Structures are given as C-alpha cells and as structure tokens.
Amino acid sequence: MAAQDTFKALLLRQDDDKKTQATLETLTVADLPDEDVRVAVEYSSLNYKDGMAVTGTGKIVLQWPMVPGIDLAGTVLESRSDAYKAGDKVVLTGWSVGEKYWGGYSQQQKLKADWLVPLPAGLNTQQAMAVGTAGLTAMLCVMALEEGGVTPESGPVVVTGAAGGVGSVAVSILAKLGYQVAAVTGRESTHDYLRALGASEILSREEMAAKPRPLEKQRWAGAVDTVGGEMLARVLAEADYSAVVAACGLAGDFRLPTSVMPFILRNVRLQGVDSVMCPLARRTEAWNRLAQDLPMAQLEQVMQVVSLEQVPEQAAKIMQGQVQGRVVVDLNG
Ligand code: NDP
C-alpha cells in the first residue's frame, strides 16, 4: 500500500459505559465515507462544539465512530462533482460535519461538494482556519447588526464571551469597521489581549451576568452575544431604542430569562445567528467579507497552532473556558 493511502485521524468511540474515548488512528482511503470530493485536509480548528465532542460533553456526536472537527480547509485530491477538481483549495464549516458526518481531524476526508466553499481570494488554508466556524459566526453576527441598521455612528456595541473564539473575532472585525466595542470577559488575564484586538472598554462577566430589571439604562446600539442566560437578558434590558442583538451562543446558559419589555417598549431586535445550516450564498458572502474586513495579521498574532495529538488536551481546556482566541489544528504538524 502506498504511503499516501494511509493517513492519521482522530477517532471518537464510545466505550461500554458510554464514555467517549479519543484515539489517534491510521486510516486508509477505503475507511472514508462514500462522498464526492476527497480533500487533503491541511488545517482544522478547535471550536466549543469540538471541545464538547472530544470530551464527550452533551450529545454532539450523532454517529459512532466519529472523526470530529466541525471545520476544515485543504486541497481537493479527487472529485466526482463538476463543482470541484483536483488542486482546488476549499473551506468547510458546519452542515453537521464532525457531529453526524466525519470531519476535519483527519489528514484526508471525503465530503459532499455542496458543503464546500472555494477558499476566498486573499486567504490561505491556515488563515481560513484561524477564522474557522467561530470567525464565520462572528461575521454573520456583524452582518446581522448591519442589516438591522446599526452603524459605527449608532453607538457602542457590546461583545460577550469576548476572549473566546467567536468573541475575539467579533471584537476584531467591529473595531476594524470603526465601532466602539465593549468587551465582556470573566478573565482579567485577557484585558490586554482584548484591548489589542480593539476593545475600548472592558466589562466584567460578574457585572454583566447580574440579573437585570426588565429595562435598564440604555447602553448598547448593538450586541454580539455568545453566552446566553442572564447575560443575554441583561444585554437586552440595556439595549438602546431600535438596537440589534445578535445571539449565537450558549457558553453560559441555553436559557433566556427575559421579558417582552425591550421588544415592545424599545423596538429591540433579537436576531438569532446560525452558521451550521447557513445557506451557501450567505456563507460565501460572509467569507468574502472576512477576507476583506478582518485584520488577518492581528488574528494570526494571537492564534495558537496545535497538532492533532494535542487536540484532546486543548478540548478539555476549551470546556474549562481556558482557551483565548482561536486554536488552529495543523494536520501535518
Ligand atoms: P469559546 O470557549 O472559545 O468562547 C466562549 C467564551 O464564553 C469563553 O472564552 C468565555 O469568555 C465565555 N464564557 C465561558 N463560560 C461562561 C459562563 N459560564 N458565563 C459567561 N461567560 C462564559 O467558544 P466559541 O467562541 O467557539 O463559541 C462560543 C459560543 O458560541 C458557544 O456556545 C458555541 O456553541 C457558540 N457557537 C455557535 C455557533 C452558531 O452557529 N450559532 C457557531 C460557533 C459557536 P471570557 O473568558 O472572555 O469570559
């Protein structure tokens, strides 16, 4: 068997006690699913959902065994689809890859052509994964604010879970676009990092997670919320008249203990943001915006590159809220 026919992948299996075991294994092309496009994966990344899958937290993995990794970037090796040919550079995020279908923590993967996006001009595969699912989601949140009429002149925008993956990219894009950004973090050690990304104000998690009254003093023209729970309730209660709040995460709580008051008295818009099933045209638009509006050099300075072997330890860290910014997985590292 030729050496390139075997490759490394991280596999998740469930033991008899339904505990998740992650092991590095050698696979062959014949082990891969029967999908149209075979990709040499160069980079993947570590998102909160990957942390959940690899540590066996929640019910993220829907098929066993599973190759996790909800996003990837690489080069097409062969394709049965007219949409792609060998040598094309591609990016994938979402579509339940790494949950229901085998994902990016493998040096090769076979994927549906419809799941792929051509690598946007101006980004290499490592940069695309420094952005990854988290960055795409951040961009979709920024687009939601813009579509709701929020501009840099409207007033300050607040980002919660700011030192995490989605939060970091959101702070960076918003600051680059000229918004005044307030960053909410639970970690004092991240303050300098957040200021370097462009945050002009830092708020403590404690202050922002305090149960709000139905309406508080108006503070925010817009918000990107990755936390949910009381923090999202507070952001809504503090939202300006006609503010837009883009909610994409549940790092704190999946519940939302709020009232109708911000909506019926302040015309506030709560816009949900999903990157997983986001239609192709919109994700392509978001990737093109990222190539244009994200200060890539800044993101590269703060990204961390790890090997496939290091993924289990990094997965445990992201679950403990100890990861700062974006973690890129180098499949050849
Ligand atoms: P990270 O773990 O990188 O970031 C989450 C951040 O949230 C942490 O860094 C921390 O920020 C903050 N945080 C963690 N726990 C709590 C808590 N108990 N209370 C308040 N704040 C907390 O994850 P990601 O950035 O990858 O993802 C963020 C969220 O967005 C997750 O819930 C994820 O599932 C969701 N998501 C949704 C997507 C979608 O399509 N809708 C796509 C991608 C992610 P700090 O240290 O600054 O306080």
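Some notes on this structure:
- Between the residues Tyr179, Ser168, Ala223, the greatest Cα displacement towards the positive end of the dipole of the range 133-272, with unit charges on the Cβ of Lys, Arg, Asp and Glu, is found for Ala223.
- All distinct Cα pairs of the range 62-164 go into the 1/r average, and the inverse of that average, the Kirkwood radius, is 15.5 Å.
- Put simply, the C-alpha atoms of the range 213-333 give a gyration tensor, and the ellipsoid matching it has half-axes of 33, 19, 13 Å, longest first.
- Taking only Cα atoms of the range 162-283, radius of gyration then Dmax in Å: 14.1, 40
- Calculated [θ] (222 nm, deg cm²/dmol) that DSSP helices of n ≥ 4 give over the chain, each run adding -39,500 (n - 2.57): -8500 deg cm²/dmol
- By the rule of a C-alpha distance below 17 Å, with chain neighbours fewer than 8 residues away ignored, the aspartates and glutamates paired with Lys112 are Asp31, Asp34, Glu35, Asp36, Asp71, Glu78, Asp82, Asp88, Glu99.
- Largest first and in whole Å, the equivalent-ellipsoid semi-axes of the range 86-217 read 32, 17, 15, each the square root of five times a Cα gyration tensor eigenvalue.
- Of all DSSP beta bridges confined to the chain, the antiparallel ones make up roughly 60%.
- Karplus 3J(HN,Hα) series, Hz, for the range 310-322 with 6.51 cos²θ - 1.76 cosθ + 1.60 (x for Gly, Pro): 8, 4, x, 5, 5, 5, 5, 5, 5, 5, 8, x, 9
- Separation in nanometres of the label points that stand 7 Å from Cα toward Cβ, at Ser204 and Asp293: 3.3
- Inter-part distance where the range 171-202 and the range 230-302 are each reduced to a Cα centre, Å: 16
- Selected from Ala53, Ala251, Ala73 as most flexible by GNM, with the chain as the system and alpha-carbon contacts under 10 Å: Ala251
- Three principal axis lengths of the range 187-253 [C-alpha, angstrom, descending]: 32, 23, 21
- Shape index of the range 41-97: Rg/Rh, with Rg the Cα radius of gyration and Rh the Kirkwood radius from the inverse mean 1/r over Cα pairs, equals 1.05.
- Using the Stokes-Einstein relation with a Kirkwood hydrodynamic radius computed over Cα pairs, the translational diffusion coefficient of the range 1-113 at 20 °C and a viscosity of 1.002 mPa s comes to 152 µm²/s.
- Its Cα centre serving as origin, the range 133-272 has a Cβ charge dipole (Lys and Arg +1, Asp and Glu -1) of approximately 180 debye.
- In the frame of its principal axes, the range 217-262 has Cα extents of 26, 18, 14 Å, reported largest first.
- Lys, Arg +1 and Asp, Glu -1 on Cβ, resulting dipole of the chain about Cα centre, debye, nearest 20: 600
- Pairwise label distance in nanometres, Val306 with Lys59, each label 7 Å out on the Cα-Cβ vector: 2.7
- Summing charges over all other residues whose Cβ lies under 9 Å from the Cβ of Val158, with Lys and Arg as +1 and Asp and Glu as -1, gives -2.
- Approximating the spin labels as points 7 Å out from Cα along Cα→Cβ, the Ala316-to-Thr151 distance works out to 5.1 nm.
- Stretch in the chain that is longest and holds no trypsin sites (Lys or Arg not before Pro) that DSSP places in a loop and that have at most 13 other beta carbons within 10 Å: 101-216
- Quotient of C-alpha Rg and 2.2 N^0.38 Å, computed over the chain: 1.00
Each reported figure results from applying straightforward, stated rules to the coordinates on display, with no laboratory input. The shown structure was predicted, so the numbers you read here are calculated from the model rather than taken from an experiment. We place every Cβ from the backbone using ideal geometry, glycine too, and count neighbours over all the protein chains shown.
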